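Everything on this sheet refers to the single structure shown next.
The values are calculated or read from the model by the stated rules, or taken from the named source; none is laboratory data. Here the structure is a predicted model, which is why all the values come from computation and not from measurement. So basically every Cβ, Gly included, is an ideal-geometry build from the backbone, and we count neighbours across all protein chains shown.
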Amino acid sequence: MKIKTGSKILGLISLGCPKNTVDSEFLLGQLKELGWSFTDNIDEADCLIVNTCGFIRDAKLESEDAIQEICEIKDNRPGVLLVATGCLPQRDSVNLQSRFPKLDLVVGVGSLEKLPDLIESKWKGQKIESDLHTEFCSPGRATLPHSRFPRIRLTPPWTGYMKISEGCNHECSFCTIPSIKGPQISRPIDDLVREAEILASEGVKELIIISQDTTAFGSDSGSNLGNLLTELDKVDGISWIRLHYLYPGKISGGLLDVIAASDKILPYFDIPLQHVQPRILKAMHRLAPETDTLRLVESIRERFTDTETPACIRTTFIAGFPGETESDVEALHEWMERAKVDRLTVFQFSAEDGTPAAILPDRIPLHISESRMHRLMESQQDITLEVNETWIGKEIDVLLEGVTDDDRRVGRSYRDAPEIDGFVIVNGVPENTDQGEIVRTRITGAMPYDLEAEFIAD
């Protein structure tokens, strides 16, 4: 992205999840209104921002590496303005400031709305009291976007993320999010509908709904996710509405009815289970640890039986949680073989400072938890291939997004979330078909993560 129209040039490194991406988009929109232009070349920027992730250790290390990279630029260009923002400053501002003294601003998610004016003041050489103190990283609710805020999207033109709430009321023992983001607060439905209308007017066809717990939307304001989806379903121009982060145990029959009645809301169920053993789930402080997750999967599938778009289910597990035994791992393998979900990702347990799980006894050695993670992922690869093979000969819509080295088209179906799932490689697409178009295809081949298809003319 290069929009060089003025003398104030800004470079942004945005890390972490799509929720961070949304924050970066609104930040860029506000800075543009203050006269900043943007560059992908960090060596020519007058101001460099790293929007960090601080969720787990690996994300922290990636963020710190990016901060170190921009700090090294200041050695040769002392006048460049350096900013760290996002989750990591909110979580560990004091350590961040001491490790990287070249930073000019350190602003957490709780003060993100102040950042554009702080950058502008710093650029003008104005004194900012406490600009490197904990005032801008103090605990509190993370900033919510609003449809009236200016925004520069970082996604392809046909896909847009919409953050419907911020924060989380769960107390999962392994998770840092509540301490970073604060308690949940939901956005008003009318503002979300307006944002969806704006995105549709900009050419967005795939609207991706994100939050820490999407199924909890409205629980703090007397509404619910079904009400929101009913209104979003009426927005002209949107073809697909994709839901992320559905908490197990909160997927009601009423919500399934709303999804099943819609031609836009995709039956794509992103449900982070984290484990299946009640004993481990209790230690994780997961809500309703006795939930029959196999029955949950079956009930979702039953609701979409014999439809053109059967339910696609994605989940995540954590391997190596303290106290986990080989018997617990075998239970995960058995569950996977019985459930045969479309997508499953396994993460290695990360002991995060300040979380209850970090001080639990019976810690699993890293090499063992890593081995368990890889074993589970290898098993799921075979399962995903088996599921994909059932699609051969069936028809499916594909959102075109790219081209392979041998000039075949690449896209995603309703079963494929961007940057998470696989692709559909489509043969025979007419050359004049634009990227971002949704085309009809017939599946001709299956791979462990991707599908191959042929274009079907209207």
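Residue pairs whose Cβ atoms lie under 6 Å apart, separated by 6 or more positions or on different chains, with the first residue in region 42-67 and in contact (Cβ under 8 Å) with a residue 12 or more places away in the chain and the second charged (D, E, K, R) and part of a loop (DSSP other than H, G, I, E, B), are Asp46/Lys8.
Taken over region 73-96, the criterion of being crowded, with 17+ Cβ neighbours inside 10 Å, of a type outside the set (Asp, Glu) and under 20 Å from Lys181 (Cα atoms) is satisfied by Val83, Ala84, Thr85, Gly86, Cys87, Leu88, Pro89, Gln90, Arg91, Ser93, Leu96. Scanning region 236-258 for residues that are touching a residue at least 40 places away in the same chain (Cβ under 8 Å), touching a strand residue (DSSP E or B) at 6+ places or on another chain (Cβ under 8 Å) and either outside the structural domain of Phe304 (by TED's automatic domain parsing) or not small (Gly, Ala, Ser) (or both) yields Ile238, Trp240, Arg242, His244, Ile251. The residues in region 364-407 that are charged (D, E, K, R), touching a residue at least 12 places away in the same chain (Cβ under 8 Å) and under 27 Å from Glu206 (Cα atoms) can be counted, and the count is 5.
Return yes when Thr52 is surrounded by 12 or more Cβ atoms within 10 Å (Cβ to Cβ), hydroxyl-bearing (Ser, Thr, Tyr) and over 16 Å from Trp123 (Cβ atoms) and no when it is not. Before the answer, list the steps.
Details: surrounded by 12 or more Cβ atoms within 10 Å (Cβ to Cβ): yes; hydroxyl-bearing (Ser, Thr, Tyr): yes; over 16 Å from Trp123 (Cβ atoms): yes.
Criteria met by Thr52.
Annotation note: Cβ proximity below 9 Å between a residue of region 196-220 that is over 16 Å from Leu399 (Cβ atoms) and not assigned by TED's automatic domain parsing to the domain that holds Ile420 and a residue that is of a type in the set (Asp, Glu) and surrounded by fewer than 20 Cβ atoms within 10 Å (Cβ to Cβ) (sequence gap 6+ or interchain) occurs for Ala196/Glu231; Glu197/Asp236. Would you check if there is a residue in region 151-167 being farther than 30 Å from Gly436 by Cα and among the aliphatic types (A, V, I, L, M)? Within region 151-167, not a single residue is farther than 30 Å from Gly436 by Cα and among the aliphatic types (A, V, I, L, M).
I want to confirm something. Restricting to region 322-346 and keeping residues that are under 23 Å from the mean Cα position of the chain (by Cα) and surrounded by 18 or more Cβ atoms within 10 Å (Cβ to Cβ), which single residue is nearest to Pro365 (Cα to Cα)? Checked region 322-346; the qualifying residue nearest to Pro365 (Cα to Cα) is Val346. Residues of region 261-301 that are touching a Lys or Arg at 6+ places or on another chain (Cβ under 6 Å) and under 28 Å from Glu231 (Cβ atoms): Leu266, Tyr268, Asp270.
If you go through region 151-189, how many residues are in contact with a Cys (Cβ under 9 Å, 6 or more places away or on another chain), without any contact (Cβ under 8 Å) to a residue 40 or more places away in the chain and surrounded by fewer than 22 Cβ atoms within 10 Å (Cβ to Cβ)?
Within region 151-189, the subset in contact with a Cys (Cβ under 9 Å, 6 or more places away or on another chain) is 168, 175-178, 180-184.
With without any contact (Cβ under 8 Å) to a residue 40 or more places away in the chain added as a condition, the list becomes 178, 184.
Retained after the next criterion (residues that are surrounded by fewer than 22 Cβ atoms within 10 Å (Cβ to Cβ)): 178.
So the count comes out to 1.
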